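> Here it is, the structure, as structure tokens.
The values are calculated or read from the model by the stated rules, or taken from the named source; none is laboratory data. In this text, all values refer to a predicted model and were calculated from it rather than measured experimentally. Note: ideal-geometry Cβ built from the backbone for every residue, glycine included; neighbour counts use all protein chains shown.
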């Protein structure tokens, strides 16, 4: 296993150097008031994150994502990075900072300021791996 690499930058379009890191996973961590972009060398999908609060979030997200045709599928999953297990909203969609901002606002309205949500834009191979342990809660209409 390679040593963890983690980069944190302000919410902005990803730099060319980050985009070139095809072997790594890039995720957005939405915290109020700012968004952080992280690069992880490995991501392992552990399973679906489900419970009463998560079902409330999924319901709110479905209403938001329904009007966004670029989001093909959405999953709420437990993911493991080198630093531990986290909850991530995993999207089969192109990377979009404005979408991250919209989701972050919705998330903070439900869970409050101190919480955060990882948002991972999936590559096709990652989605295939994720589908082995988690079903999507949103499908493109």
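> Is the stretch 114-136 home to any residue that is on the phi > 0 side of the Ramachandran plot and more than 11 Å from the chain's Cα centre (by Cα)?
No, the conditions are met nowhere in the stretch 114-136.
> Mind checking which strands (runs of 3 or more DSSP E) fall wholly inside the stretch 17-120 and carry at least 2 residues that are at pLDDT 85 or above and surrounded by fewer than 17 Cβ atoms within 10 Å (Cβ to Cβ)?
Where strands (runs of 3 or more DSSP E) fall fully within the stretch 17-120 and carry at least 2 residues being at pLDDT 85 or above and surrounded by fewer than 17 Cβ atoms within 10 Å (Cβ to Cβ), they are 44-48, 84-92.
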